[in-house]
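Q: This structure is in structure tokens; I'll ask about it shortly.
The values are calculated or read from the model by the stated rules, or taken from the named source; none is laboratory data. Fair warning: this is a prediction, and the values are worked out from it, not measured in the lab. Glycine also receives a Cβ, built like all others from the backbone with ideal geometry; neighbour counts cover every protein chain displayed. Calculation scope for accessible area: heavy atoms of the full protein, side chains included, ligands and nucleic acids excluded. Shrake-Rupley method; radii C 1.70, N 1.55, O 1.52, S 1.80 Å.
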Amino acid sequence: MSYVARTDRPADKAARYVEIEAEILAVLEGEPDRIARMATVASMLADAFPVYFWTGFYLVDPQRPQELVVGPYQGTLGCLRIPFGRGVCGAAARTGQTQIVEDVEAFPGHIACDSRSRSEVVVPVRDASGALIAVLDVDAAVPAAFDAADAQALERLMARVFAAG
């Protein structure tokens, strides 16, 4: 079963998130490497939700702690670096809050890594100590593809995959 924006009922989407979360956790059981975990999450989410146009991580650069650098992802070419506070990813990193953007053109300072992106959800990713390590960025080629249900499911998944400890 795949979720396609605007055609499935919200309950179907929520059920798919529960299902894919269980699948991801099963695959990652015992895997300690953070990059391997990120690559697996990006791949499995992109496969589970066809509306996802770009799915991946921007990591906090340890050499430049106020900057994100592209990490594992699925999709077209991503931006290589994003300063905290710039664009949707930078806003999520700066504020520590999930960002849901129904129309990226209306978001002040949006960074157009791919002009086909129309909506976006970005979730801060924290380690077991609560430190910001990355953001999960998911883009769609249709407007308003994401809502609070996506944000809550992705926040829960990020906590279970990266902050559980």
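Q: Among the listed residues ALA134, ALA140, identify the single one that is at pLDDT 95 or above, surrounded by 23 or more Cβ atoms within 10 Å (Cβ to Cβ) and either within 25 Å of VAL161 (Cα to Cα) or of a type outside the set (A, V, I, L, M, F, W, C) (or both).
A: Residue meeting the stated conditions: ALA134.
Q: Next question. Can you name the strands (runs of 3 or more DSSP E) wholly within the stretch 25-126 that have at least 2 residues being open to solvent by less than 40 Å² (accessible area, probe 1.4 Å), under 15 Å from ASP139 (Cα atoms) and hydroxyl-bearing (Ser, Thr, Tyr)?
A: So the answer is 52-61.
Residues checked against (1) modelled with pLDDT of 95 or more; (2) of a type outside the set (A, V, I, L, M, F, W, C); (3) farther than 16 Å from VAL135 by Cα:
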| position | (1), (2), (3) |
| --- | --- |
| SER2 | no, yes, yes |
| ARG6 | no, yes, yes |
| ASP12 | no, yes, yes |
| ALA15 | no, no, yes |
| ALA22 | yes, no, yes |
| VAL27 | yes, no, yes |
| ARG37 | yes, yes, no |
| THR40 | yes, yes, no |
| MET44 | yes, no, yes |
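Q: Here's something else I'd like to know. What pairs come up if the first residue lies in the stretch 139-150 and is assigned to a helix (DSSP H, G or I), the second is among the basic types (Lys, Arg), and their beta carbons are under 9 Å apart, counting only those six or more places apart or on different chains?
A: Within 9 Å, the pairs are ALA149/LYS13; ASP150/LYS13.
Q: Using beta carbons and a limit of 6 Å, which pairs, at least six apart or on different chains, have the first residue in the stretch 114-127 and acidic (Asp, Glu) and the second one open to solvent by 10 Å² or more (accessible area, probe 1.4 Å) and in a loop (DSSP other than H, G, I, E, B)?
A: Going by the 6 Å Cβ cut-off, the qualifying pairs are ASP114/THR76.
Q: Suppose the filter is open to solvent by 60 Å² or more (accessible area, probe 1.4 Å), without any contact (Cβ under 8 Å) to a residue 24 or more places away in the chain and either part of a helix (DSSP H, G or I) or farther than 30 Å from GLY30 by Cα (or both); does GLU155 pass it?
A: no
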